[in-house]
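Participant: Questions regarding the structure given below will be posed in turn.
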Amino acid sequence: AVFETKVAYMKFKFNVTVEVTRMEAPGEIEAKIEGTPLGIVGRLTATTRTSLSEAGNETLVDYSVDATLAGKLGSIGQPVLRSKAKDMEKIFAQRLRAAFAPASPEAR
(Lines give C-alpha, C1' and ligand atoms only; values in the text may rest on other atoms or scores of the structure.)
Protein backbone atom coordinates (compact mmCIF):
# COMPACT_ATOMS: atom_id res chain seq x y z
CA ALA A 1 0.00 0.00 0.00
CA VAL A 2 1.00 3.63 -0.22
CA PHE A 3 0.64 5.83 2.87
CA GLU A 4 0.72 9.56 2.27
CA THR A 5 0.34 12.50 4.62
CA LYS A 6 1.26 16.16 4.77
CA VAL A 7 2.59 17.85 7.87
CA ALA A 8 3.01 21.62 7.70
CA TYR A 9 5.31 22.14 4.70
CA MET A 10 6.53 18.52 4.53
CA LYS A 11 4.84 15.81 2.50
CA PHE A 12 5.54 12.18 3.40
CA LYS A 13 4.83 9.22 1.16
CA PHE A 14 5.71 5.61 1.98
CA ASN A 15 5.46 2.25 0.28
CA VAL A 16 4.25 0.10 3.18
CA THR A 17 3.59 -3.55 3.90
CA VAL A 18 1.33 -4.71 6.71
CA GLU A 19 1.66 -8.17 8.20
CA VAL A 20 -0.89 -9.49 10.69
CA THR A 21 1.27 -11.13 13.34
CA ARG A 22 -1.44 -12.28 15.76
CA MET A 23 -5.21 -12.53 15.63
CA GLU A 24 -7.59 -13.90 18.21
CA ALA A 25 -11.09 -13.48 16.81
CA PRO A 26 -13.21 -11.64 17.56
CA GLY A 27 -11.36 -9.34 19.91
CA GLU A 28 -7.64 -8.94 19.28
CA ILE A 29 -5.31 -8.26 16.38
CA GLU A 30 -1.65 -7.26 16.14
CA ALA A 31 0.19 -6.15 13.02
CA LYS A 32 3.65 -5.13 11.92
CA ILE A 33 4.06 -2.28 9.45
CA GLU A 34 7.22 -1.57 7.48
CA GLY A 35 7.62 1.28 5.06
CA THR A 36 10.16 2.82 2.77
CA PRO A 37 9.73 6.54 2.15
CA LEU A 38 9.63 7.79 -1.41
CA GLY A 39 12.12 10.57 -2.05
CA ILE A 40 13.83 10.59 1.37
CA VAL A 41 16.33 8.20 2.94
CA GLY A 42 14.94 6.39 5.97
CA ARG A 43 12.59 3.69 7.14
CA LEU A 44 9.26 3.46 8.96
CA THR A 45 8.53 0.55 11.29
CA ALA A 46 5.53 0.16 13.53
CA THR A 47 3.61 -2.38 15.54
CA THR A 48 -0.07 -2.03 16.30
CA ARG A 49 -2.30 -3.71 18.82
CA THR A 50 -6.09 -3.47 18.76
CA SER A 51 -8.55 -5.11 21.13
CA LEU A 52 -12.32 -5.00 21.27
CA SER A 53 -14.29 -5.61 24.45
CA GLU A 54 -17.92 -5.41 25.47
CA ALA A 55 -19.06 -2.68 27.84
CA GLY A 56 -22.79 -3.03 28.30
CA ASN A 57 -24.40 -2.12 24.98
CA GLU A 58 -21.17 -0.66 23.62
CA THR A 59 -17.92 -1.97 22.23
CA LEU A 60 -14.70 -0.47 23.56
CA VAL A 61 -11.88 -0.16 21.05
CA ASP A 62 -8.42 -0.04 22.61
CA TYR A 63 -5.44 0.36 20.33
CA SER A 64 -1.82 1.37 20.43
CA VAL A 65 0.75 2.13 17.78
CA ASP A 66 4.48 2.09 18.41
CA ALA A 67 6.13 3.73 15.40
CA THR A 68 9.74 4.60 14.64
CA LEU A 69 11.31 6.59 11.84
CA ALA A 70 14.94 5.74 11.18
CA GLY A 71 17.67 7.40 9.17
CA LYS A 72 17.71 10.97 7.92
CA LEU A 73 13.91 11.01 7.88
CA GLY A 74 13.78 10.16 11.58
CA SER A 75 16.17 12.92 12.56
CA ILE A 76 14.13 15.62 10.85
CA GLY A 77 10.60 14.27 10.92
CA GLN A 78 10.02 12.18 14.05
CA PRO A 79 8.68 14.97 16.33
CA VAL A 80 6.53 16.43 13.56
CA LEU A 81 5.06 13.06 12.60
CA ARG A 82 4.29 12.19 16.24
CA SER A 83 2.25 15.39 16.51
CA LYS A 84 0.48 14.66 13.22
CA ALA A 85 -0.27 11.10 14.37
CA LYS A 86 -2.07 12.45 17.45
CA ASP A 87 -4.20 14.70 15.24
CA MET A 88 -4.98 11.81 12.88
CA GLU A 89 -5.93 9.65 15.88
CA LYS A 90 -8.50 12.24 17.02
CA ILE A 91 -10.00 12.49 13.53
CA PHE A 92 -10.15 8.69 13.24
CA ALA A 93 -11.96 8.40 16.59
CA GLN A 94 -14.47 11.11 15.63
CA ARG A 95 -15.22 9.46 12.30
CA LEU A 96 -15.53 6.01 13.88
CA ARG A 97 -17.99 7.36 16.48
CA ALA A 98 -20.00 9.07 13.73
CA ALA A 99 -20.09 5.93 11.59
CA PHE A 100 -21.52 3.85 14.43
CA ALA A 101 -23.77 6.50 16.00
CA PRO A 102 -27.47 5.63 16.10
CA ALA A 103 -29.41 7.25 13.29
CA SER A 104 -31.41 10.28 14.33
CA PRO A 105 -35.23 10.02 14.07
CA GLU A 106 -35.23 12.59 11.22
CA ALA A 107 -32.86 10.40 9.18
CA ARG A 108 -35.25 7.42 9.20
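Participant: Report the paramagnetic label zone for Phe100: residues of the stretch 10-32 whose backbone N is under 20 Å from a point 7 Å from Cα along the Cα-to-Cβ axis.
Facilitator: Zone members listed by number: 23-31.
Participant: Return the carbon/sulfur percentage of the accessible area of the chain, one whole number, probe 1.4 Å, all protein chains in place. Don't skip to the end; give the middle numbers.
Facilitator: Numbers: 4610 of 8160 Å².
Of the solvent-accessible surface of the chain, carbon and sulfur hold 56 percent.
Participant: Which chymotrypsin sites (Phe, Trp or Tyr not before Pro) from the stretch 1-75 combine a DSSP loop assignment with at most 16 other Cβ atoms within 10 Å? Each step should come with its number before you reach the end.
Facilitator: Working: sites: Phe3, Tyr9, Phe12, Phe14, Tyr63; in loops: Tyr9.
Answer in residue order: Tyr9.
Participant: With the cut-off at 18 Å, tell me which of the pairs Lys32/Lys84; Lys11/Lys84; Lys11/Lys72; Lys32/Lys90; Lys13/Lys90 have Cα atoms farther apart than that. All intermediate terms of the calculation are to be shown ahead of the outcome.
Facilitator: Numbers: Lys32/Lys84 20 Å; Lys11/Lys84 12 Å; Lys11/Lys72 15 Å; Lys32/Lys90 22 Å; Lys13/Lys90 21 Å.
Pairs exceeding 18 Å: Lys32/Lys84; Lys32/Lys90; Lys13/Lys90.
Participant: Accessible area, 1.4 Å probe, largest first: how do Val80, Val65, Val16 sort? All intermediate terms of the calculation are to be shown ahead of the outcome.
Facilitator: Details: Val80 45, Val65 90, Val16 20 Å².
From most accessible down to least: Val65, Val80, Val16.
Participant: Next question, about the same structure. Just the accessible area per residue of the chain, please: how many Å² with a 1.4 Å probe?
Facilitator: Value for the chain: 76 Å² per residue.
Participant: In degrees from 0 to 90, rounded to the nearest 10, what is the angle of the helix 71-100 Cα long axis to the longest principal axis of the chain?
Facilitator: 10 degrees
Participant: Now for a separate question. If each Cα of the stretch 1-89 is one equal point scatterer, what is log10 of I(q)/I(0) from the Debye formula at q = 0.13, 0.19, 0.22 Å⁻¹?
Facilitator: Debye output, listed in q order: -0.50, -0.90, -1.09.
Participant: So what is the calculated 222 nm ellipticity per residue for the chain, using -39500 (n - 2.57) for each DSSP H run with n of 4 or more, over all residues, to the nearest 500 deg cm²/dmol?
Facilitator: Values: 1 runs with 30 residues, N = 108.
One gets -10000 deg cm²/dmol as the mean residue ellipticity at 222 nm.
The values are calculated or read from the model by the stated rules, or taken from the named source; none is laboratory data. Worth saying up front: this structure is predicted, and the values here are computed from it rather than measured. Using ideal geometry, Cβ is built from the backbone for each residue, glycine included, and neighbour counts are taken over all protein chains shown. For the accessible areas, the whole protein counts, side chains as well, though only heavy atoms, and no ligand, DNA or RNA atoms are used. Shrake-Rupley method; radii C 1.70, N 1.55, O 1.52, S 1.80 Å.
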